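Working notes for the structure below.
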Amino acid sequence: MLSFASAAANKVAAGLAWSPETGLVAYPADANVCIMATHYHHDDPATTPAQPPNNNTSNNSNNNNSKFKEQDRVVAVLTAHNARVNTVKWLDARTLVSASADKTARVWRLSPDGSNAPSEWDWRAEWPSTHCPWISVATLEGHTASVTALATLTVPQTPVALLPTTTTTTTITTTTKEGASAATVLARWIATASGDGTVRIWLCTDEHVAASATWTCVQTIAFGVRYMESVTLACLPNSPVPILATGGVDRKVHIFTYDTADTRQFALRWSLAGHEDWIRAVAFAHAPVPLSELTSPSPVAAQDGNESAGSSGSSGTAADTPCLLLASAAQDSMVRLWRVECSATNNSQATAAVLDALLTGHDLPVYSIEWEPAVQVGTDPVVVRQPLSLLTASMDRTLMKWQPDPESAVWINTTRVGEFSGAGLGFYGGIVGPRGTAILAQGFQGALHPWTKQPQPGAASSNDADAGGTLPYEAWVAQASVSGHFGPAEDLDFDPTGELLFSTSADMTTRIFASWERHLPGAPDLLLSWHEIARPQIHGYSMNAVATVGSFRFASAGDEKVVRVFDATGHFRETLQALLPAVPAVDASAAFDTASALVGATQERVRLAQQARRGVLLADRTWQIATASGPTVDTLSQRGRALGASVPALGLTNRAVFEDDLSGGVAKAAAGDDTAAGESSGRVATAGDDEESAFTAQEAPPGFAFRYEKIAGPPPEEHLTQNTLWPEAHKLYGHGNEVFALACTHAAVSADPTAPAEPASSLGVSSKGRLLASSCKATRADTAVIRVSELDTYRDIALLEAHTLTVTQLAFSHNDQFLLSVSRDRTWTLFSRIGHTFSLVAKTPAHERIIWACSFSHDDRFFATASRDMTIKIWALEAPGTCVATIDHFRESVTAIDFAPAPYEGGYLLAVGLDSGTLGLLQIKAAAGSSSQMTVTSAKTLDKSVCPSSTIRRIRFRPFPVVDSIISSARPRLQFATASTDTSVRLYDVPL
């Protein structure tokens, strides 16, 4: 079952979509679409926002799930596209549309059973999930290049007489539309823009968007080489007649009106000039706006021509007739508001397009514009009102909220939020939540930045402002949200206690994920969700491998050819203490129960062991954090434990920041002084033996200067990028090419074979005495060497030469007596270890193609190898070179495997990842009547809808069984994590 998924949004403009009915957010992640549940959209996610703003909607059926309100999580990942998804849009509460670089658009339906009730899907009750309830019900094909933009429109009661009776395509073929006898139908429109220079209009009139629904391309509009970057659809005021607007590289806004009499097609009515660069976004207001509310002093109109003309005065529309507002944003940093007016006698005809306002305030290209969703005011009669509020997102690292002044009607910037730390690179998009109480932005590197509006005592309300008062003062507070890698996830590893998950990626970052457990008032169970809690490494090279060295140290390496070792900070442990629940007084011996001993144990015993392990993890806490009254001088610096880390300009080394270095800054930041970050002074310790120069905090750019901030929950994005770096302890040199694989011993290893082993009470949390094995990309035997380093002295203790090509994975046995390596040369090698001496035990040409992965069984009796030849082989450790089982029923390359850390139903459990992203579980037992032969007794393939969409790079089981619930019926379970080239990091449950 899928328990957790993490992935960043793609680098595309306007890629986010927020459903006003359900509060779910959809965003593209590689070739997938992620559905995220939010907690800050409005009071109740199951009710529509079409309620009076002052109504109390708290007493409804879904409030018994109020314990889920304080989290954001990905609750579904939609997999069907074959290339990057460019944008997503909601069609209704249960229907989503996505557009992709695979030249198609897809329509997704939630449980396509013919029902339209949005509250039928309670993701909370179905999570963790064994399958994705969203199904691709239609594929819109016809474009010959990437589909880059789309727009959706649902019109409940559309007269059939208005709909097209023919389908016009680029090849001028026609088909008759069925079902033309009905008086009115539910019309669903989709417009798609592509790199092939066309915009296609799609229509569905079936009652329900199920798998049997028919989507027809009713028109193709050709622009040639004038590619359209954005499209939008709306209905004319008080009419079911649609209107279309596009914007693109020709720097014009094209407005198409619908001919209801003759052709029943969209026809170009106006081409509005004014922008000086490519237009990146166009958007109609969600509902018509009374013309009397817009009093632009000198409108510029385009009447019936194709170019905007000079001042035209009145367009002949009555002052109280609703009109449409169209916003356009371009790379010239400008936003223009156009007023589309309709005939006072015929609301199905647009008569003029008038420039209403020019919004200037951004310094760099504006990539996204979003109107605040319309709200329902009153119930009898029902009136839908459009708030005059526009959100713009720009590459100048800001989002601006624009509203007209109630007195002068001049549009002014009322709110500005963004990344002001200096570490951000701008925003590709921004959306407004239902009721306008939340903003969600999409950063340049795919990060999601949410802000929520906080009520201000004595401030004017929005209703007061609309009635003619002053605009309210709004305070927006940054929140934590879903985060993840924006490049292929290459490797991951759990710490020895299983509480921390480290992952590294080609996006040049290493991230740490952990669970956040808390009790909420009135909730009978624990509330648990996984979050990114630290980003200890933000590098300048793609990362390929990571290995934990105890719980508070890790090593990582990549294309830089250098292995870097990092130590945890005091600030990280402070965050960890806040996220993990207070550990009650428990039997300390429970922490040392092995994973095998916990299989079959009671839920209470498994839970007790987990709490005890957390106690061991958090026990090493001998410092005190400075408070607002002043810093506390303690043994932090004497112990060498840094409070934080900073990165100098143009540097790659994370340098330690100690508490006494930032004594004034720490105190001010704790007291809430915003000037603390830039005023701290003192040295910042260097890391590594080759960089000795010290620098002060003032010398570091603002985006990389550490600032102490106490965090009570998962950190927001700005905090992750600036304040969660770990200082670098050392560098390991020697490899001549890009480092490809790392592996670390599970416990301390002494050079003296007769020395006592590390005590069990350490649980492997300490990093003392560890050995680290590393390998790099190689095409010759002399570069395919495996380097083994001792991490107390940072010196190489062994150079193991056995392979002729790249060593793809390394693994130490659980007792650390053996080192296994697999290679592109199609062989595996096994080394035995006595003290710090390694000896070659066996080298076997095991497979016919590259060997990608290897793993030891929990009892170290067997190990497995996986290859591109579509096989997995099991080998006996007691008789190296003896293959006891060959599993050859795969139809593609096997790229990742890992044995479970405990017995499973009397045998072994092996998790398998394939080149396509498919995941499987193999149950392996000794063959009947033979102790030297193994057989697969059960094979289970996970539902494709919960699997990654591309190659699995790594699989790691959590070291111990867990129970993340206090409900007596909860079953202990194993968990394993996956890293995939689709950028996702996922966690799966395996019930015991």
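The values are calculated or read from the model by the stated rules, or taken from the named source; none is laboratory data. The shown structure was predicted, so the numbers you read here are calculated from the model rather than taken from an experiment. Note that we place each Cβ from the backbone using ideal geometry, even for glycine, and neighbour counts take in every protein chain shown. Side chains included, ligands, DNA and RNA excluded: accessible areas come from the protein's heavy atoms. Shrake-Rupley method; radii C 1.70, N 1.55, O 1.52, S 1.80 Å.
Quick notes on this structure:
- Residue in the stretch 887-902 that is open to solvent by 20 Å² or more (accessible area, probe 1.4 Å) and within 24 Å of the chain's Cα centre (by Cα) present: no
- One residue stands out among those in the stretch 972-988 that are open to solvent by 10 Å² or more (accessible area, probe 1.4 Å) and more than 17 Å from the chain's Cα centre (by Cα): the one that is nearest to T504 (Cα to Cα), which is R973.
- Only one entry of A393, A350 meets the criterion of being touching an Asp or Glu at 6+ places or on another chain (Cβ under 9 Å), modelled with pLDDT under 90 and crowded, with 21+ Cβ neighbours inside 10 Å, and that entry is A350.
- Residue tally, condition farther than 15 Å from T837 by Cβ and in contact (Cβ under 8 Å) with a residue 24 or more places away in the chain, over the stretch 788-811: 13
- Every pair of residues 6+ apart whose Cβ atoms lie under 6 Å, when the first sits in the stretch 432-451 and is among the polar types (S, T, N, Q) while the second is in a strand (DSSP E or B) and open to solvent by less than 10 Å² (accessible area, probe 1.4 Å): Q442/G429
- Scan of the stretch 387-421 for residues that are among the small types (G, A, S) and not in a strand (DSSP E or B), ordered by number: S389, S408, A409, S421
- Whichever residue in the stretch 323-347 is closer than 19 Å to V282 by Cβ and among the hydroxyl-bearing types (S, T, Y) and, among such residues, is least open to solvent (accessible area, probe 1.4 Å): S328
This table checks each residue for (1) under 25 Å from V788 (Cβ atoms); (2) open to solvent by 10 Å² or more (accessible area, probe 1.4 Å); (3) of a type outside the set (A, V, I, L, M).
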| residue | (1), (2), (3) |
| --- | --- |
| K710 | no, yes, yes |
| P715 | no, no, yes |
| A729 | yes, yes, no |
| H735 | yes, yes, yes |
| E738 | yes, yes, yes |
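- S839 fulfils the conditions (1) buried (at least 17 other Cβ atoms within 10 Å of the Cβ); (2) assigned to a strand (DSSP E or B) except for a single criterion, (1).
- Scanning the stretch 772-796 for residues that are touching a Leu at 6+ places or on another chain (Cβ under 7 Å) and part of a strand (DSSP E or B) yields L772, A773, S774, S775, I786, R787, V788, S789, E790.
- Residues of the stretch 426-451 classified as surrounded by fewer than 24 Cβ atoms within 10 Å (Cβ to Cβ), under 19 Å from A283 (Cβ atoms) and under 15 Å from the mean Cα position of the chain (by Cα), total: 0
- Verdict on P880 being within 29 Å of A601 (Cα to Cα), open to solvent by 20 Å² or more (accessible area, probe 1.4 Å) and in a loop (DSSP other than H, G, I, E, B): no
- No other residue among D567, D634 is among the acidic types (D, E) and either touching a Lys or Arg at 6+ places or on another chain (Cβ under 6 Å) or modelled with pLDDT of 90 or more (or both) apart from D567.
- Taking the criterion of being surrounded by 19 or more Cβ atoms within 10 Å (Cβ to Cβ) and at pLDDT 85 or above, the residues of the stretch 574-598 that qualify are T575, L576, L579, A595, L598.
- Residue tally, condition modelled with pLDDT under 90, crowded, with 19+ Cβ neighbours inside 10 Å and touching a Pro at 6+ places or on another chain (Cβ under 8 Å), over the stretch 163-203: 1
- Those residues of the stretch 863-872 which are of a type outside the set (V, I, T) and crowded, with 22+ Cβ neighbours inside 10 Å, in sequence order: F863, A864, A866, S867
- Just one of the listed residues (D102, D72, D92) is closer than 17 Å to S950 by Cβ and of a type in the set (D, E), namely D102.
- Residue selected from the stretch 201-255 under the condition β-branched (V, I, T) and in a loop (DSSP other than H, G, I, E, B), by the criterion nearest to F266 (Cα to Cα): V241
- Those residues of the stretch 813-844 which are touching a Cys at 6+ places or on another chain (Cβ under 7 Å) and over 20 Å from H735 (Cα atoms), in sequence order: W828
- Scanning the stretch 927-943 for residues that are of a type in the set (S, T, N, Q) and modelled with pLDDT of 85 or more turns up T935, T937, T941.
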